[in-house]
Amino acid sequence: MEKGGGSPSAGGSYPQKTAETLSSQYGINLFLAGLLLTFAWAVHAVGISKSHLLSYLITLMLIQLLWMLWYLCRSCTQRRLIRDKDTHAGARWLKCGITLFAVITLILDSFKIGYYIDFSNCLSPTEGIFPVTHAVHTILQVYFLWCHAKDIIQSFKTLERFGVIHSVFTNLLLWTNGVLTESKHQLNEHKERLITLGFGNITIILDDHAPQCNCTTTTLCSIFSQGIYYLYPFNIEYHILASTVLYVLWKNIGRKVERQQQHKTPFKFHGITVGMIFGLIVLTSTIAIVVVYLIQIGRSKIKSELALTMFYLHAIFVLALMCTAGIVALLIYRLEERSLDNSKNPARKLDAELLVGTAAGSWLLSWGSILAIICAQAHPKYTWYNLPYSVLVIIEKYIQNLFIIESIHREQEKVNDNIKTLRIVTVSQGSTLSLTPSCKEIYNGRATHDSGEIPCLFKDSVCGRENHASGGSKEETSQENSLDMHSASDFSFSSRNSVTNNKRRVLKNIAAFLFLCNLSLWIPPAFGCRPEYDNGLEEIVFGFEPWIIVVNLAMPFSIFYRMHSAASLFEVNCKT
């Protein structure tokens, strides 16, 4: 086990690369074993029960808890040591988001504990131990991420690689378990609604894992069972965000970084009023659409068709606005000449890969819907709205990914907007004389230095005496020419600065608008508003079981894409 930083030579880096490979393979096998166990429980495999799955997850969480406690104790004993930090990892706003989702996850755990108490006569003890262990795991993990998400570990690197990758895949398995449980609940509700749309020829078999006993207090059981499924979307987002932060921590182990000053990018509401107003309108209307959709869908065939039509029209309008905003932002970038930051940055690389990778989920669903519309023999009126909706989903994600990826790779401006033209004047015989070039010229390293002369700024009062001795008429002519040159230069610099500020203001408003739009589009699928289930056309073309499998596999990535895009756009707004 190596301790301390390895040498930069090839021989010194070989053990580190080997440890990285071994730890990654350990994590993948850990995940695959849990994934297979989860699948076996989902399909009611013989000899596999929910208690087996929960026991496996509890074991993984306990191992992670031991590792985090060891790491925290070791960090306390080495508090005086100066450690390298990745200034791009573990942003404060990201940790705040994780904390918010973690708080709601703790509420979910308390509901599960209450549910277990009410059904304790027929539930396995693991169903009571799991939420308690998960609550402790959540509290300690959030504390760990707040304190050590930026760490670049340089000691006990082999052990730390295994500890961090274990944490990454533990969170991914908890995410998978949450996705599966929530998907089974959504599928049961979907099966019950299908007949109302006229698809009675599809066999309806509910996949029910409900306890086989009566609840001690019926009212509380109803509250707990219903509340659990409304809180699952937040639990799902918590675990996937935690796993991404931990993955960046794993990639940073043993990394050599240049010591550089951290550029703080605080979020400011100033200058983004227009984008916030339009975004809040979209958010409010989306919440209203989701409420109406969930109330109307499944009541009757007419009401279900009206709910689907309403959803599609609203989504088409929002997606069209988002496409337009993204195109405007990309055009502004084409008009600017700013270099890209191509330095090694694991957090930024992961962000770009997650954007493209998770977008594939909704692209898969969209192409499935387009193919179903083309191949279907009968087309109810409401299904035609699905065609422009699916096309716009593909185009909007394509444009938005380009905008976000270019934004996070663009270098920040080094010159402050508040820089103004600097003038240094001296009084000579009752008149003012400009002695130095504008600030812009000094900043660019030009001015009189190009001609081999030293600017009067550095000659102190000598310039004034020399100018006084050169004669009155020559002095007045030089003064007039200097003032004219500075006026033209200042006007040109001020004009360019004003144009730059206007571009930045437009970009900030676009980022704020897209941020709220992505939050808005995260809400419908996260809380059960899923037309891919309810319109029924794809299930006729592809078959019920195949299409349900496709939706259940692709939908979690589509949901995560919206939340990850919102987080990335928040960062873009701060940087712009």
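The values are calculated or read from the model by the stated rules, or taken from the named source; none is laboratory data. If you're wondering where the values come from, they're calculated on a predicted model, not measured in any experiment. Every residue, glycine among them, receives a Cβ derived from its backbone with ideal geometry; neighbour counts consider all protein chains shown. Quick note on the areas: whole protein, heavy atoms, side chains included, nothing else; ligands and nucleic acids left out. Shrake-Rupley method; radii C 1.70, N 1.55, O 1.52, S 1.80 Å.
List of remarks:
- The simple spin-label model puts a point 7 Å past each Cα toward its Cβ; for residue 29 and residue 69 those points are separated by 2.7 nm.
- Heavy atoms of residue 393: accessible area, 1.4 Å probe, square angstrom to 10: 10 Å²
- The three principal axes of the Cα atoms in the range 111-187 give end-to-end lengths of 50, 26, 21 Å, sorted in falling order.
- Near residue 564: Cβ cut-off under 10 Å, other residues only, Lys/Arg at +1 and Asp/Glu at -1. The net charge is -1.
- Total formal charge among the other residues, if their Cβ is under 15 angstrom from that of residue 378, Lys/Arg +1 and Asp/Glu -1: -1
- Out-of-range pairs (alpha-carbon distance over 27 Å; input 112/157; 397/508; 349/575): 112/157
- Surface share of carbon and sulfur [accessible, 1.4 angstrom probe, percent] for the range 329-404: 66 percent
- Ligands, DNA and RNA aside, residue 20 has an accessible area near 40 Å² when probed at 1.4 Å.
- Solvent-accessible surface (1.4 Å probe) assigned to residue 384 amounts to roughly 130 Å².
- Of 134, 62, 21, farthest towards positive along the dipole that unit charges on Lys, Arg, Asp, Glu beta carbons give the range 21-146: 21
- Taking label points 7 Å from Cα along the Cα-to-Cβ direction, residue 49 and residue 255 give a separation of 4.5 nm.
- Solvent-accessible surface ranking, highest first, for 397, 349, 344, 112 at 1.4 angstrom: 344, 349, 112, 397
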